[in-house]
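Novice: Here you go, one structure.
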Amino acid sequence: MYDICVEKLQSIYSVTLKLPMHQLTADVNVFSQLGADSLDMLTLAFELEQAFGVIIDDGDLEHLYTLSGAMQLLESKRQSLSHE
């Protein structure tokens, strides 16, 4: 369903948020369940922008709380880029 590589996304989350990979399931909320804070989320957004060549707006940060939300957001952003 997603063109975004799940393993790459998990790796970025793990390194950026300093969390073990086994905790990063598709629907775990890294903000409320795993203790990420707002600065972590901004750093994560920057890392994802660099890795996937997209721009993540401040209003999109809540989509990054879960891997599944991030996959959907990144796929949508990449599709938008391909239609420009």
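Novice: Can you tell me how many residues within segment 4-23 are within 12 Å of residue 70 (Cα to Cα), in contact (Cβ under 8 Å) with a residue 12 or more places away in the chain and not in a helix (DSSP H, G or I)?
Specialist: Going through segment 4-23 one residue at a time, the tally reaches 1.
Novice: Filter segment 62-84 down to residues that are in contact with a Ser or Thr (Cβ under 8 Å, 6 or more places away or on another chain) and either touching a residue at least 40 places away in the same chain (Cβ under 8 Å) or hydrophobic (A, V, I, L, M, F, W, C) (or both), then give me how many there are.
Specialist: 1
Novice: Which of (1) farther than 18 Å from residue 51 by Cα; (2) crowded, with 18+ Cβ neighbours inside 10 Å; (3) of a type outside the set (Lys, Arg) is the odd one out, the single condition residue 16 does not satisfy?
Specialist: (1)
Novice: Still on this structure, I have one more. Every residue in segment 60-84 that is surrounded by fewer than 15 Cβ atoms within 10 Å (Cβ to Cβ) and at pLDDT below 95, please.
Specialist: Result: 76, 79, 80, 81, 82, 83, 84.
Novice: Next question, about the same structure. Which residue, of 50, 33, is of a type outside the set (Val, Ile, Thr), assigned to a loop (DSSP other than H, G, I, E, B) and surrounded by fewer than 15 Cβ atoms within 10 Å (Cβ to Cβ)?
Specialist: 33
The values are calculated or read from the model by the stated rules, or taken from the named source; none is laboratory data. Bear in mind the structure is a predicted one, so any value in this text is a computation, not a measurement. Cβ: placed from backbone, ideal geometry, glycine included. Neighbour counts: every protein chain shown.
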